[in-house]
Amino acid sequence: MTWYEGALLGLLQGATEFLPVSSSGHLVMGQALLGIELPGVTFEVAVHFATLLSVLIVYRGRVGRLLAGVARLDPEQMRYAGLLLLASVPAAVAGIGFGGFFESLFDTPAVAGAALLVTGCVIWTARGALAREPSGRPGAGVAIAMGLAQAAAIVPGISRSGATVVAGLWRGVSPSEAAAFSFLMSVPAIGGAALLKLPAAGWGGGGDGTLAGALAVAAIVACVTGVLAIRAFRMMLERRAFHFFAPYLWVAGAAFLVFTGRA
């Protein structure tokens, strides 16, 4: 992987990790269309930590208040932290218990194309959820619903941000709170996935340091792009334009299925 391929894939990861279009699905398509062989889990770990940093940058104030509140045992902040942990359980169970199955899905590119079509349908339903003017805050039921959506997003092509936010909207959570909870609950999910793969990552890359340089470029680009993507996501959600991502997903999914010859 060259540095410009790293920049391209970092851009793809940073944008699609937080926009409701599925980063895993787009990376599968990117590899198939560009013929790029990623350096295994090393690349995944690098960009996962980079996108994790994106969330912490955008929500640094809220994260700071949450950590400070937990430290002083503030009931409200303790409750919110508990909800984030509760929401993380389904993905943890799915990833640990059925990791091999989910990994096998990445070997079948058509899965990503079909899942993008499904994600488009899910995103389109946001119109109906937003029409109900949701204004609530996350509770235990919401945390479980959004957690199950996050677990489903392990499938390549299912958008984690899209599925979790739509689940929150249909449960009556306000757009801003649904987005905040979705991105904050991604911290343990993304961080946990990266830590699990960390022992298998190889940070070498040859004497010329080509791989290390490409990974650094990919991580920096993914982090910066991730910050911009989160802000764009929140803006479109507030403007009730969230469902506009659906037609793109339908076109991309259908086109990729045609490309793979499995339509």
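The values are calculated or read from the model by the stated rules, or taken from the named source; none is laboratory data. No experiment lies behind these values; they were computed from the predicted model shown. We place every Cβ from the backbone using ideal geometry, glycine too, and count neighbours over all the protein chains shown. Surface areas here come from the heavy atoms of the whole protein model, side chains and all, with no ligands, DNA or RNA. Shrake-Rupley method; radii C 1.70, N 1.55, O 1.52, S 1.80 Å.
Scalar couplings 3J(HN,Hα) for the stretch 245-259, obtained by applying the Karplus form with A = 6.51, B = -1.76, C = 1.60 to θ = phi - 60°, are 6, 4, x, 4, 5, 5, 5, 4, x, 5, 5, 6, 5, 5, 4 Hz; x denotes Gly and Pro.
Inter-label distance, residue 260 to residue 2: 2.8 nm, where each label sits 7 Å from its Cα along the C-beta direction. With a Förster radius of 25 Å applied to the C-beta separation of residue 70 and residue 140, the computed FRET efficiency comes to 0.90.
Only protein heavy atoms count here; on that basis, with a 1.4 Å probe, residue 133 has an accessible area of about 120 Å². 3J(HN,Hα) couplings calculated from phi for the stretch 61-73 with the Karplus curve 6.51 cos²θ - 1.76 cosθ + 1.60 (θ = phi - 60°) are, in sequence order, x, 5, 5, x, 5, 5, 5, 5, x, 5, 5, 9, 6 Hz; Gly and Pro show x.
Spatial offset of the stretch 48-111 relative to the stretch 213-263 amounts to 20 Å, using the alpha carbon center of each.
In this structure, the amide hydrogen of residue 136, modeled 1.01 Å from its nitrogen in the peptide plane, lies closer than 5 angstrom to those of 173, 174, counting only residues at least 5 positions away or on a different chain. You can think of it this way: the chain between residue 63 and residue 107 has 12.2 nm of extra reach, that is 0.36 nm per residue less the Cα-Cα gap.
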